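The values are calculated or read from the model by the stated rules, or taken from the named source; none is laboratory data. Since the structure is predicted, the reported quantities are computational estimates derived from the model, not experimental observations. Cβ atoms come from the backbone with ideal geometry, glycine included; neighbour counts cover every protein chain shown.
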């Protein structure tokens, strides 16, 4: 049966913590790196289930916590509030890229094939995955509920955020009250071209499956249409009727919904076509 193990990966002045799902069988296996989104973490909801499923299908699945999540394996609350406060999009991008580049070398050496790596991203992590696909030679890309822009607030709201020096963030699931500093605003302002998701959609070459719920309450399905319209082929957009931002799944995970099963089936089919 597939197994899993923890890993720690060093990048600059910080450690990234993650889990590797290992498939059965000998020989080098294709790998999928899973990237969570804003206020997400690697153990949230469907991510462990997705990792298990991919390993059962013969893939090395790698999920990890971005440092800006402020969480370590086993955490249910943000324990490093300063890391959460100071998170930036460029930092997320550098961390995902470092993990991808380590697969088959430092991460799952002699098991994962570094020449056959795909990236999966959800929500803001979908945007990070897309940017990564424009920078690194991936074999496949899958995004669920991906954002088409990192500009989520109006100019008036951003001005208020900057004037206050931070913006409050409340986790609806836990009730934990957090804050974001202005670092993410500074980063977006200074690196707008490098963080342009529509430009990345045009320049990436990895075969890309976009999956989006038609009832997504957080990221409108219109954003999926925007990305798909900007993207060069090969690209496929799957709209799932009745699906929310998380495909009907909450945390803790209580089992797959029909919408999640549809998303997972499409993901497996895409990986079989382009990663194996």
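Kindly evaluate residue 58 against the criterion of being at pLDDT 95 or above, outside any helix (DSSP H, G or I), within 26 Å of residue 247 (Cβ to Cβ) and under 13 Å from the mean Cα position of the chain (by Cα). Step through it out loud before you land on a result.
Working: at pLDDT 95 or above: yes; outside any helix (DSSP H, G or I): yes; within 26 Å of residue 247 (Cβ to Cβ): yes; under 13 Å from the mean Cα position of the chain (by Cα): no.
So residue 58 fails the test.
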Subject >> Considering residues of the range 160-182 that are assigned to a helix (DSSP H, G or I) and touching a helix residue (DSSP H, G or I) at 6+ places or on another chain (Cβ under 8 Å) only, the residue surrounded by the fewest Cβ atoms within 10 Å (Cβ to Cβ) >> reply: 162
**OP:** Go through the range 234-271 and give me each residue that's free of Cβ contacts under 8 Å to residues at least 40 places away in the same chain, out of contact with any strand residue (DSSP E or B) (no Cβ under 9 Å at 6 or more places or on another chain) and within 20 Å of residue 139 (Cβ to Cβ).
**Re:** 265
**OP:** Name the one entry in 136, 77, 96 that is over 16 Å from the mean Cα position of the chain (by Cα) and closer than 23 Å to residue 7 by Cα.
**Re:** 77
Original post:
So, of the residues in the range 1-11 that are closer than 21 Å to residue 86 by Cα and in contact (Cβ under 8 Å) with a residue 12 or more places away in the chain, which turns out to be surrounded by the most Cβ atoms within 10 Å (Cβ to Cβ)?
Top reply: 9
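Report whether or not residue 216 is at pLDDT 95 or above, part of a helix (DSSP H, G or I) and surrounded by 14 or more Cβ atoms within 10 Å (Cβ to Cβ). Write out each step before concluding.
Numbers: at pLDDT 95 or above: yes; part of a helix (DSSP H, G or I): no; surrounded by 14 or more Cβ atoms within 10 Å (Cβ to Cβ): yes.
No: the conditions fail for residue 216.
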Subject >> Number of positions in the range 223-237 that are closer than 17 Å to residue 122 by Cβ and either more than 19 Å from the chain's Cα centre (by Cα) or buried (at least 19 other Cβ atoms within 10 Å of the Cβ) (or both) >> reply: 3
**OP:** Please find, within the range 238-276, the residue that is surrounded by the fewest Cβ atoms within 10 Å (Cβ to Cβ) out of those that are in contact with a helix residue (DSSP H, G or I) (Cβ under 9 Å, 6 or more places away or on another chain), on the phi < 0 side of the Ramachandran plot and part of a loop (DSSP other than H, G, I, E, B).
**Re:** 241
Original post:
For residue 102, which of the numbered conditions (1) over 14 Å from the mean Cα position of the chain (by Cα); (2) surrounded by 22 or more Cβ atoms within 10 Å (Cβ to Cβ); (3) over 18 Å from residue 174 (Cα atoms) fails to hold?
Top reply: (2)
**OP:** Go over the candidates 131, 188, 141 one by one and state the one that is over 30 Å from residue 271 (Cα atoms) and at pLDDT 95 or above.
**Re:** 188
Subject >> Matching residues, the range 71-96, being surrounded by fewer than 24 Cβ atoms within 10 Å (Cβ to Cβ), closer than 23 Å to residue 253 by Cβ and free of Cβ contacts under 8 Å to residues at least 60 places away in the same chain >> reply: 72, 74, 75, 79
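Can you say whether residue 85 is under 17 Å from residue 179 (Cα atoms) and touching a strand residue (DSSP E or B) at 6+ places or on another chain (Cβ under 6 Å), as far as the supplied structure shows? Break it down into steps so the answer makes sense when it comes.
Numbers: under 17 Å from residue 179 (Cα atoms): yes; touching a strand residue (DSSP E or B) at 6+ places or on another chain (Cβ under 6 Å): yes.
The answer is yes for residue 85.
Go over the candidates 157, 95 one by one and state the one that is touching a strand residue (DSSP E or B) at 6+ places or on another chain (Cβ under 9 Å), more than 18 Å from residue 32 (Cα to Cα) and either in a strand (DSSP E or B) or at pLDDT 95 or above (or both). Explain how you work it out, then say what you get.
Values: 95 fails: more than 18 Å from residue 32 (Cα to Cα).
Of 157, 95, the one residue that is touching a strand residue (DSSP E or B) at 6+ places or on another chain (Cβ under 9 Å), more than 18 Å from residue 32 (Cα to Cα) and either in a strand (DSSP E or B) or at pLDDT 95 or above (or both) is 157.
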